[in-house]
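Student: Below is the structure I would like to discuss, written out as structure tokens.
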Ligand code: TRP
Ligand code: SF4
């Protein structure tokens, strides 16, 4: 046990998770549980960096996300599941790292300017938003994590974390912090119902807890090959979002049958979609069942988080002892 490497990752509490989250991150997190000592947390302070003016119900969103995590197979007996704002050591380390992080490193962070432009209805000219990667670095190194499973978009933040960890070790002549590696999740981007990337802000999501009826309705109105207008037009499955799902959810023979049928106009889009509906519904049924079970167990859920928070706090407190000693404070 003790020689297992440690991974850590977090998600902002966006509420219910969709299939893009499931295949992009969550399944990977679940699989890592076999090989690593895993720490997974809900980054509620990070949510405030962009949503400080209207936080909404962060607690309820966090609860919903935890339910989704557990339903999808994160196991509280193998992984430490916790909430960022319940472990105050993140904030202390964030403050200390802020002292040593050159402003220029933050200003040249590509996601900083990009996000400011993308979210231009919000005023992101704040100190907290600029400091986002410093908080993320604290999240990671306070557990002395070796690896951080993330998507490509997060790599600049991991790079900054590495630089900050090295700088701390150098300045205080310590070896407290391992320099963590980004563990890239390789999974195809799952298109949303309209063919764009699946995202809550586009309203094109299938949620992992959608009912069979929701799944059927959504898939039936999903975009298909736009060139295939009439039933007897041949189609190209490779440009069709429905087919991207078949590749993930259907058996090899079904995939073959659908692809061939599409190219030869041998199958209609509705029939093609019906096969997919059956497979997506079957795959998500156990997730939904698990969730229904957990949802009513308020005590159980509270207990899971209390245990995770306590375990995380123990680790973080031990790191902070070393950090204070190294700085001499
Ligand atoms: N920035 C990450 C995201 O938006 C969330 C996050 C916060 C995180 N702290 C982290 C991810 C630490 C990995 C490690 O997805
Ligand atoms: Fe897409 Fe299937 Fe229609 Fe082909 S038959 S265009 S793969 S929905």
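The values are calculated or read from the model by the stated rules, or taken from the named source; none is laboratory data. Predicted model, so just to flag it, every value in this text is computed and none were measured. Positions of Cβ are generated from backbone atoms using ideal geometry, with glycine treated the same way; all protein chains shown enter the neighbour counts.
Student: Out of 70, 19, I need the residue that is in contact with a helix residue (DSSP H, G or I) (Cβ under 7 Å, 6 or more places away or on another chain), at pLDDT 95 or above, closer than 21 Å to residue 292 by Cα and assigned by TED's automatic domain parsing to the domain that holds residue 141. Which one?
Tutor: Result of the check over 70, 19: 70.
Student: Identify the single condition in (1) more than 13 Å from ligand 2 (Cβ to nearest atom); (2) more than 22 Å from residue 63 (Cβ to Cβ); (3) out of contact with any helix residue (DSSP H, G or I) (no Cβ under 6 Å at 6 or more places or on another chain) that residue 303 does not satisfy, given that it satisfies every other one.
Tutor: Here residue 303 clears every test but (2).
Student: A further question on this structure: How many of the residues making up region 100-130 are free of Cβ contacts under 8 Å to residues at least 60 places away in the same chain and either touching a helix residue (DSSP H, G or I) at 6+ places or on another chain (Cβ under 9 Å) or within 16 Å of ligand 1 (Cβ to nearest atom) (or both)?
Tutor: Here the count works out to 15.
Student: When residues of region 1-55 are filtered for being in a loop (DSSP other than H, G, I, E, B), more than 12 Å from ligand 1 (Cβ to nearest atom) and closer than 19 Å to residue 202 by Cα, how many remain?
Tutor: Qualifying residue count for the region: 3.
Student: Right, next: So residue 185 passes all but one of these: (1) more than 14 Å from the chain's Cα centre (by Cα); (2) under 18 Å from residue 25 (Cβ atoms). Which condition number does it fail?
Tutor: (1)
Student: So, of the residues in region 28-45 that are without any contact (Cβ under 8 Å) to a residue 60 or more places away in the chain and under 26 Å from residue 292 (Cβ atoms), which turns out to be surrounded by the fewest Cβ atoms within 10 Å (Cβ to Cβ)?
Tutor: Filtering first and then ranking leaves 31.
Student: Determine whether residue 267 is more than 16 Å from ligand 1 (Cβ to nearest atom), modelled with pLDDT of 95 or more and in a helix (DSSP H, G or I).
Tutor: no
Student: Please work out if residue 281 is in a helix (DSSP H, G or I) and under 26 Å from residue 76 (Cβ atoms).
Tutor: no
Student: Return a yes/no flag: does region 312-323 have any residue that is away from ligand 2 (no atom under 16 Å from the Cβ), part of a helix (DSSP H, G or I), in the same structural domain as residue 216 (by TED's automatic domain parsing) and within 20 Å of residue 81 (Cβ to Cβ).
Tutor: no
Student: Quick test for you: out of 212, 175, 217, pick the one residue that is within 16 Å of ligand 2 (Cβ to nearest atom) and either free of Cβ contacts under 8 Å to residues at least 40 places away in the same chain or more than 29 Å from residue 319 (Cβ to Cβ) (or both).
Tutor: The conditions single out 217.
Student: Restricted to region 1-27, and to residues that are over 18 Å from the mean Cα position of the chain (by Cα) and in contact (Cβ under 8 Å) with a residue 12 or more places away in the chain, which residue is nearest to residue 121 (Cα to Cα)?
Tutor: Ranking the qualifying residues of region 1-27, first place goes to 5.
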